[in-house]
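The values are calculated or read from the model by the stated rules, or taken from the named source; none is laboratory data. The shown structure was predicted, so the numbers you read here are calculated from the model rather than taken from an experiment. Every residue, glycine among them, receives a Cβ derived from its backbone with ideal geometry; neighbour counts consider all protein chains shown.
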């Protein structure tokens, strides 16, 4: 069985990961909550460290639906330079 310190550290790390996920991918808690099937207020309480919440259930759902959550991102993760259409056609013909 986990001790309290391990549980607290894991919860803090997961909260940090959730915060980073939302920030990096420009997501709203509303978008994330819809994907994982939990309410936005509940997700907000998790993010802000409120007690009395079954964090394991929340983080299990986040993990399960991570690809769907990332697909909802509001901005691109990688920066890619624009390529002229002509260049794409050249590359396509060459392959």
Sort out which residues of region 10-27 are touching a helix residue (DSSP H, G or I) at 6+ places or on another chain (Cβ under 8 Å) and loosely packed, with under 13 Cβ neighbours inside 10 Å, and write them in order of number. 19
Would you tally the residues in region 40-74 being part of a loop (DSSP other than H, G, I, E, B), more than 15 Å from residue 21 (Cα to Cα) and touching a helix residue (DSSP H, G or I) at 6+ places or on another chain (Cβ under 8 Å)? 2
Modelled with pLDDT under 90 and surrounded by 12 or more Cβ atoms within 10 Å (Cβ to Cβ), is that true of residue 40? no
